[in-house]
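Read the structure below first, then the notes.
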Amino acid sequence: MREKILVANWKMNYDFYETTSFIRNLLKILFDNKINHNKKIIIAPSFPFLHISNQILQGTTLSIASQNIHQKDKGAYTGEVSANMLKSIGIKKVLLGHSERRIYFFEDDNILLQKIKIALKYNIKILFCVGETISERNKNVHYSVIENQLKNTVFHFSLHEIANFSIAYEPIWAIGTGITASPKDAQNMHQFIRSLFSEKYGKEISNKISILYGGSINDINAKDILYQEDVDGGLIGNSSLDMNKFLNIIQS
Ligand code: 13P
C-alpha cells in the first residue's frame, strides 16, 4: 500500500513569525493531542525560512520541501538559490514544474529538465507537477498534454533515477479557484499517469510511485479526492495556510 502524503505549498505567504509559529503549533497540536494522522506531512515554506523550519522539524515525522531551485550549480545568477545551498541546510525535497513557475517565470520543459538534473545531482527528491489548462481540457486534449509534459521531462530519466520522483497532478483551472477536479476525473487522470509509468518503467515502479492531486483541496472535499485508488495524497495551497482546515485534511 502506498503511503498517503500531504504537501503544504505555502507559495509566497507567511513571514518568519507566521511560518515558525504555524509549524510549532502544528507539531504541538498533532503530538500533544496524539492526533491520529496516517499521512506523511511535508511543508514547503519560502526560501528564507527553510533552514529554521527544517530545524524545528528535526526528530519528527514531518519534513520540509523547497518550492524551487535554480538549474545551475553556482555562479553569477543574482537572486537565485542553488541545489547545493539547499542541501547544505539539510533540505532533501523540491517542488518542480508548478504551473505558477511555468507561467510567471517561463520555466519550460528544457529548464525543468536542467532543474531535475541538478536536484538529482545533490540527492534532492522531486515532486514534479503536471497539469492542463481549462481550454486544453475543453478541447479534450488533457491526456496528451500531461503525457507530453512527462515525456519531455521526467521520462528522460532512468529506472534507477525514477525512485527519486513523486508526481503531482494539478489541473491549472483548479488551482486557487475553488473548483476541483471531480474525484472520478482525478482518479482517471491519476490512473492514466500510472499507466504511463508502467509502460515506460514497468509495473513495480508504477505501483510504487506516489501521484498526488492538487487544486482547491479543502477540508470538505479532501476525503473524496484523497481516497481514490490512484490518488496518493494532496498538494495543498490555500487550505494549508489555515490551521483548522489543514488539521481537518490531515485527519480526513
Ligand atoms: P490551492 O490549493 O490554493 O488551489 O493551490 C494548489 C496548488 O497550487 C498547490 O501547489
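The values are calculated or read from the model by the stated rules, or taken from the named source; none is laboratory data. Treat the numbers as computed from the prediction; the structure is a model and nothing was measured. Ideal geometry is used to build each Cβ from the backbone, glycine not excepted, and the neighbour counts take in all protein chains shown. Heavy atoms of the whole protein, side chains included, go into the accessibility calculation; ligands, DNA and RNA do not. Shrake-Rupley method; radii C 1.70, N 1.55, O 1.52, S 1.80 Å.
Kindly check whether there is at least one residue in the stretch 50-71 that is in a loop (DSSP other than H, G, I, E, B), over 16 Å from Thr19 (Cβ atoms), of a type in the set (Gly, Ala, Ser) and touching a residue at least 12 places away in the same chain (Cβ under 8 Å).
No, every residue in the stretch 50-71 fails to be in a loop (DSSP other than H, G, I, E, B), over 16 Å from Thr19 (Cβ atoms), of a type in the set (Gly, Ala, Ser) and touching a residue at least 12 places away in the same chain (Cβ under 8 Å).
Can you tell me which of Ile236, Ile220, Ile249, Ile211 is of a type in the set (Val, Ile, Thr), within 15 Å of the ligand (Cβ to nearest atom), in contact with a helix residue (DSSP H, G or I) (Cβ under 6 Å, 6 or more places away or on another chain) and farther than 25 Å from Asn148 by Cβ?
Unique residue meeting the criteria: Ile249.
Of all residues in the stretch 225-252, count the ones that are in a loop (DSSP other than H, G, I, E, B) and either surrounded by 17 or more Cβ atoms within 10 Å (Cβ to Cβ) or at positive phi (or both).
Residues meeting the conditions: 6.
Filter the stretch 201-224 for residues that are buried (at least 22 other Cβ atoms within 10 Å of the Cβ) and in a helix (DSSP H, G or I) and give the result.
Result: Ala222, single match.
Consider Lys92 carefully, then state whether it is open to solvent by 20 Å² or more (accessible area, probe 1.4 Å), farther than 25 Å from Glu3 by Cα, more than 16 Å from the ligand (Cβ to nearest atom) and among the charged types (D, E, K, R).
Considered against the rule, which asks whether it is open to solvent by 20 Å² or more (accessible area, probe 1.4 Å), farther than 25 Å from Glu3 by Cα, more than 16 Å from the ligand (Cβ to nearest atom) and among the charged types (D, E, K, R), Lys92 comes out as no.
Matching residues to (1) assigned to a loop (DSSP other than H, G, I, E, B); (2) open to solvent by 30 Å² or more (accessible area, probe 1.4 Å); (3) more than 15 Å from the ligand (Cβ to nearest atom):
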residue	(1), (2), (3)
Leu150	no, no, yes
Phe155	no, no, yes
Trp173	no, yes, no
Ala181	yes, no, no
Gln187	no, no, yes
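Are any residues in the stretch 102-138 farther than 23 Å from Ile162 by Cα and among the polar types (S, T, N, Q), and if so, which ones?
Thr133, Ser135, Asn138
Would you mind stating whether Glu100 is at negative phi, at pLDDT 95 or above and surrounded by 18 or more Cβ atoms within 10 Å (Cβ to Cβ)?
Judged against the criteria, Glu100 is a match.
Of everything in the stretch 82-131, what is touching a strand residue (DSSP E or B) at 6+ places or on another chain (Cβ under 7 Å) and of a type in the set (Phe, Trp, Tyr)? Give them in sequence order.
Matches in the stretch 82-131: Phe128 only.
Could you tell me whether any residue of the stretch 18-38 is open to solvent by less than 80 Å² (accessible area, probe 1.4 Å), within 23 Å of Gln114 (Cα to Cα) and free of Cβ contacts under 8 Å to residues at least 12 places away in the same chain?
No, that holds for no residue.
Cβ-Cβ distance below 6 Å, separation of 6 or more or different chains: which pairs start in the stretch 111-132 with a residue that is open to solvent by 20 Å² or more (accessible area, probe 1.4 Å) and end on one that is modelled with pLDDT of 95 or more and within 16 Å of the ligand (Cβ to nearest atom)?
Cβ pairs passing all conditions: Lys125/Lys93.
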